[in-house]
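Chemist: Can you read through this structure? Questions will come right after.
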Amino acid sequence: MRPLDGKIALVVGVANAHSIAAGCAQAFADAGAQVVMTYVNETAKPFVQPVADAVGAKMLLPLDVEIDGQMDAVFGAIKDRFGHLDVVVHSIAFCPKGDLHGRVVDCSRAGFAQAMDISVHSLIRMVRLAEPLMATGGAILTMTYYGGEKVVDHYNIMGPVKAALEGTMRALAVELGPKKIRVNAISPGPLETRAGSGIAHFDELIDAARRRSPDQTLVTIEDVGNVAVMLASDCMSSVSGDVTYVDGGLHVRA
């Protein structure tokens, strides 16, 4: 029996076949889950559709977390079709380029608010909608980065944003623990994704990760997907409120 047989998994954040969320969706499908995916808008859909086809997604739904009503519609569609939900992967983050590439001290009020809303508060909203669909328990995963724990050059305002995401994850884990809903974060090392490439001097970050990680290689979206399956499985029923690193041991280096 595969570890996620019979489970319904919602994966949010697939931008294309190279996304971390795409690695999770494929790993979930391989592990037996029925996968529901989202796309942010019609421009993005042609890049997401091939991933949905590859994993045999049961539904592919529009979801821009800044548009009121779309998130409710996604969870409503899941309720209507399946009646319940077992796993949620929240793999979305955004910051306007001008604020992302500048100093933290120069971050605009509007840019900070938008980064926090899309990257952090959207998790809260998803959990609120997932909770009634997880009557017998469930697993919620979000994606963080080491820059939320230590200052990483050029990560700039996304460091404080990821720190807020991790703190939110822990609070949600405590609040939902009595309902057997586990909330965890995965912290991958630098990956060559479209989202990552938006960071200034990203090539330098990639080269440093490859050079400094104990095995001197970069992790892959498949590596992250495998860990997501582990955390979503019933075998990890006692693990919640934790950050799991998938970085080849890079985070242990001083």
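All of the numbers you see were taken from the coordinates with simple rules; none came from a lab. In this text, all values refer to a predicted model and were calculated from it rather than measured experimentally. So basically every Cβ, Gly included, is an ideal-geometry build from the backbone, and we count neighbours across all protein chains shown.
Chemist: Kindly identify region 105-240 as rounded, prolate or oblate by the Cα gyration tensor criterion: order the square roots of the eigenvalues as a ≥ b ≥ c, call it rounded if a/c is under 1.5, otherwise compare a/b with b/c, prolate if a/b is larger, else oblate. List each step's numbers first, then the result.
Modeler: Numbers: a/c = 2.52, a/b = 1.35, b/c = 1.86.
Oblate.
Chemist: If you don't mind, there's one more thing I want to ask. What size of dipole, in debye to the nearest 20, comes out for the chain about its Cα centre when the only charges are +1 on Lys and Arg C-beta atoms and -1 on Asp and Glu C-beta atoms? Each step should come with its number before you reach the end.
Modeler: On the way: 22 positive and 28 negative charges, 72 e Å.
The calculated dipole for the chain is roughly 340 debye.
Chemist: Okay, moving on. Please label the shape of region 85-142 as rounded, prolate or oblate, based on the square roots a ≥ b ≥ c of the eigenvalues of the alpha-carbon gyration tensor (a/c under 1.5 means rounded; beyond that, a/b larger than b/c means prolate, else oblate). The partial results should precede the final answer.
Modeler: Details: a/c = 4.77, a/b = 3.20, b/c = 1.49.
Prolate, because a/c is 1.5 or more and a/b exceeds b/c.
Chemist: Pull up all non-local amide H partners of Tyr39: gap of 5 or more, or a different chain, and H-to-H distance under 5 Å with H placed in the peptide plane.
Modeler: Leu61, Leu63
Chemist: If you don't mind, there's one more thing I want to ask. Please list, in chain and number order, the residues 5+ apart from Val246 or on another chain whose amide H is under 5 Å from its amide H, with Hs placed from the backbone.
Modeler: Ser187, Gly189
Chemist: Let me have the relative contact order for the chain, percent, based on Cα pairs under 8 Å that are six or more residues apart. Let's see the in-between values first.
Modeler: Values: 493 pairs, mean separation 52.1, N = 254.
After rounding, I find 21 percent.
Chemist: Each residue of region 66-72 in order: what ³J(HN,Hα) in whole Hz does its phi give by Karplus 6.51 cos²θ - 1.76 cosθ + 1.60, θ = phi - 60°, with x for Gly and Pro?
Modeler: Result, rounded to whole Hz: 8, 9, 4, x, 5, 5, 4.
Chemist: In whole Hz and in residue order, list the ³J(HN,Hα) couplings for region 93-104 that follow from phi through the Karplus curve 6.51 cos²θ - 1.76 cosθ + 1.60, θ = phi - 60°; x for Gly and Pro.
Modeler: 7, 7, 8, x, 4, x, 7, 5, 8, x, 5, 4
Chemist: Please work out whether region 16-85 counts as rounded, prolate or oblate from its C-alpha gyration tensor, where a ≥ b ≥ c are the square roots of the eigenvalues and a/c under 1.5 means rounded, while otherwise a/b larger than b/c means prolate and anything else oblate?
Modeler: On the way: a/c = 2.11, a/b = 1.13, b/c = 1.88.
Oblate is the answer for region 16-85, as a/c is 1.5 or above yet b/c matches or exceeds a/b.
Chemist: Same structure again: Non-local amide H neighbours of Val88 (under 5 Å, H modeled in plane, Pro and chain starts lacking H): which ones?
Modeler: Those lying under 5 Å, H to H, from Val88 are Leu10, Ala139, Ile140, Leu141.
Chemist: Students often forget the sequence filter, so: which lysines lie under 27 Å Cα-Cα from Lys45 once same-chain residues fewer than 8 apart are removed?
Modeler: Lys7, Lys58, Lys79, Lys97, Lys162
Chemist: Another one. In whole Hz, with x marking every Gly and Pro, tabulate ³J(HN,Hα) for region 134-140 from phi via Karplus 6.51 cos²θ - 1.76 cosθ + 1.60, θ = phi - 60°.
Modeler: 10, 5, 10, x, x, 9, 10
Chemist: From the residues Leu61, Val152, Ala135, which one has its Cα farthest along the dipole of region 1-152 in the positive direction, the dipole being from +1 and -1 charges on Cβ of Lys/Arg and Asp/Glu about the Cα centre?
Modeler: Val152
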